[in-house]
Amino acid sequence: SIHVAERVRRIKPSPSSSAADRANQLKREGRSIVSLVVGEPDFDTPAHIREAAAKAMNAGATRYTALPGTVELRQAIAAKLKRENGLDYDITEIIVGNGAKSVIYTALAATLEPGDEVIVPAPYWVSYPDMVLACDGTPVAVACTEDEGFKLTAQKLESAITPKTRWLILNSPSNPTGATYSIEAYKALAAVLARHPHVLVMTDDIYEHIRFEGGTAPHLLNAAPELRERTLAVNGVSKTYAMTGFRIGWAAGPRELIRALDTLTSQSAGNSCSVSQAAAAAALNGDQSFVAESLATYRERRDAIAAGINAIPGLSCRLPEGAFYLFVNCAGLIGKRTPDGKVLATDNDVVLYLLERVGVAVVAGTAYGLSPYFRLSIATSIEILNDGLARIAKAVGDLA
Ligand code: PLP
């Protein structure tokens, strides 16, 4: 049998992928399934971006590029950071990678020593703790309750920091809750960080444009510019421009840190796809109307489906400030009995019940580090969402 390294054995495959796999399996078996699992826009990539990709390919952009990304793309990213975020970065302070996911992994691999701690506010994107584990670090999950708006408080941050803390990861708007930090909230966290200069901060800004108040979400560095020398700002085109398959993400940060990421990338992934880089540059430099249009659609779905969920006895959800998920509180279903006589004891039980009884696939809160909840993606059509909602209402109505 094959020896699999300890660093792989200590992690688990992404639970949203497993939930999607299970839903697809049931579909293949002929069941009618409403999958509200995936976290990718259901829109097509805008035409001008697809055309830029085709044009680049036909013009010979089919070779290796500069390792940290083409100058053109890094210039587009620098211009975007200035225009949208009010942040100044030179192209030598930017690295492009195969999606934000791979950039985050590289950053952790480039900085973590065995046993280094990474503070991950929960509910968190499922990949953070596993990436930290794969890089021999120790994830330190800090539960942020619904009463706290699912946001890290200054007090909780202060108590989580130890001499071994290497990183704090902030994701605003958040997957799975949509929680979005205000400038004031960031200032409170920055005041704590000021007392702990050894802590680096990674901001995962991938949902910054999917923000229902409108406008780009505030950035930590807008609130606390003094943190620039220890902040890595991660972002990408996947969510904003419906470009998940292009696999382009980036990080902007202090040159010394970017240089370490360049070194590791040069001996691991190499440069990102040349055609995708051209498409990403076109997305950043081109017409931005898709961003507002898709946001309006997400907002309609959010309002309708959140209202529908809140009308189901035993379920509730706050209106997310951003991203495209509802994080549904299912505490009211715990302890109820299914028609088969099973008692729902956990959010995993609730999720299994919804799948088996009415064919609705969602992901249990436990995967994101906070229970009892489930995450429902609104990145799918309103017809499918309404079907899902009606099925959930039916399943809940069948409980005793
Ligand atoms: N960060 C968060 C919070 C996400 O939800 C996702 C995608 O699900 C990513 C990063 C990954 O984005 P990319 O497609 O750029 O790798």
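The values are calculated or read from the model by the stated rules, or taken from the named source; none is laboratory data. Model, not experiment: these values are computed from the prediction. Using ideal geometry, Cβ is built from the backbone for each residue, glycine included, and neighbour counts are taken over all protein chains shown.
Here are a few things to note about the model shown:
- Scanning the range 240-264 for residues that are assigned to a helix (DSSP H, G or I) and more than 16 Å from the ligand (Cβ to nearest atom) turns up Arg255, Glu256, Leu257, Ile258, Arg259, Ala260, Asp262, Thr263, Leu264.
- For the range 97-109, filtered to residues that are closer than 13 Å to Val234 by Cβ and in contact with a helix residue (DSSP H, G or I) (Cβ under 7 Å, 6 or more places away or on another chain), the residue that is surrounded by the fewest Cβ atoms within 10 Å (Cβ to Cβ) is Lys101.
- Test: residue in the range 334-353 that is among the hydrophobic types (A, V, I, L, M, F, W, C), out of contact with any Cys (no Cβ under 9 Å at 6 or more places or on another chain) and under 28 Å from Ile104 (Cβ atoms): no
- Filtered residues of the range 225-239 (kept if within 16 Å of the ligand (Cβ to nearest atom) and either among the aliphatic types (A, V, I, L, M) or farther than 15 Å from Ile94 by Cα (or both)): Leu232, Ala233, Val234, Val237, Ser238, Lys239
- Residue list for the range 336-362, restricted to those being under 14 Å from Leu36 (Cα atoms) and in a loop (DSSP other than H, G, I, E, B): Gly359, Val362
- Restricting attention to the range 209-223, the residues that are out of contact with any helix residue (DSSP H, G or I) (no Cβ under 8 Å at 6 or more places or on another chain) and under 17 Å from Leu319 (Cα atoms) add up to 2.
Results for (1) closer than 30 Å to Ala296 by Cβ; (2) touching a Gly at 6+ places or on another chain (Cβ under 7 Å), shown as yes or no for each residue.
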{"site": "Ile104", "(1), (2)": "yes, no"}
{"site": "Thr111", "(1), (2)": "no, no"}
{"site": "Ala122", "(1), (2)": "no, yes"}
{"site": "Ser127", "(1), (2)": "yes, no"}
{"site": "Ala134", "(1), (2)": "no, no"}
{"site": "Glu148", "(1), (2)": "yes, no"}
{"site": "Pro163", "(1), (2)": "no, no"}
{"site": "Val192", "(1), (2)": "no, no"}
{"site": "Leu221", "(1), (2)": "yes, no"}
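- Criterion violated by Met202 - all others in (1) away from the ligand (no atom under 16 Å from the Cβ); (2) more than 21 Å from Phe324 (Cα to Cα) satisfied: (1)
- Residue check for Lys82: outside the structural domain of Ala223 (by TED's automatic domain parsing) and more than 17 Å from Asn271 (Cβ to Cβ): no
- All positions within the range 9-61 that are under 27 Å from Val291 (Cβ atoms), crowded, with 19+ Cβ neighbours inside 10 Å, among the aliphatic types (A, V, I, L, M) and more than 20 Å from the chain's Cα centre (by Cα): Ile49, Ala52, Ala53, Ala56, Ala61
- Residue in the range 385-393 that is touching a helix residue (DSSP H, G or I) at 6+ places or on another chain (Cβ under 9 Å), closer than 29 Å to Lys12 by Cα, without any contact (Cβ under 8 Å) to a residue 24 or more places away in the chain and in a helix (DSSP H, G or I) present: no
- Identity of the residue in the range 110-149, assigned to a helix (DSSP H, G or I) and among the hydroxyl-bearing types (Ser, Thr, Tyr), that ends up surrounded by the most Cβ atoms within 10 Å (Cβ to Cβ): Tyr128
- Positions within the range 306-335 being part of a helix (DSSP H, G or I), surrounded by fewer than 22 Cβ atoms within 10 Å (Cβ to Cβ) and either touching a residue at least 24 places away in the same chain (Cβ under 8 Å) or within 16 Å of the ligand (Cβ to nearest atom) (or both), in sequence order: Gly308, Ile309, Ala331
- Entry remark, the range 75-94: residues being over 22 Å from the mean Cα position of the chain (by Cα) and either polar (S, T, N, Q) or not in a helix (DSSP H, G or I) (or both) number 6 in total.
- Hey, Pro197 surrounded by fewer than 22 Cβ atoms within 10 Å (Cβ to Cβ) and either modelled with pLDDT of 95 or more or within 15 Å of the ligand (Cβ to nearest atom) (or both) or not: yes
- Taken over the range 22-43, residues that are within 16 Å of the ligand (Cβ to nearest atom) and acidic (Asp, Glu) amount to 2.
- Single residue of Pro46, Pro68 found to be touching a Phe, Trp or Tyr at 6+ places or on another chain (Cβ under 6 Å), more than 20 Å from Gly365 (Cα to Cα), modelled with pLDDT of 95 or more and more than 16 Å from the ligand (Cβ to nearest atom): Pro46
- Among residues of the range 139-184, those that are closer than 18 Å to Ala223 by Cβ, within 16 Å of the ligand (Cβ to nearest atom) and of a type in the set (Val, Ile, Thr), counted: 2
- Leu189 away from the ligand (no atom under 16 Å from the Cβ) and surrounded by 24 or more Cβ atoms within 10 Å (Cβ to Cβ): yes
- Qualifying residue in the range 210-222 (condition: within 11 Å of the ligand (Cβ to nearest atom), outside the structural domain of Pro320 (by TED's automatic domain parsing) and either farther than 15 Å from Val142 by Cβ or in a strand (DSSP E or B) (or both)): yes
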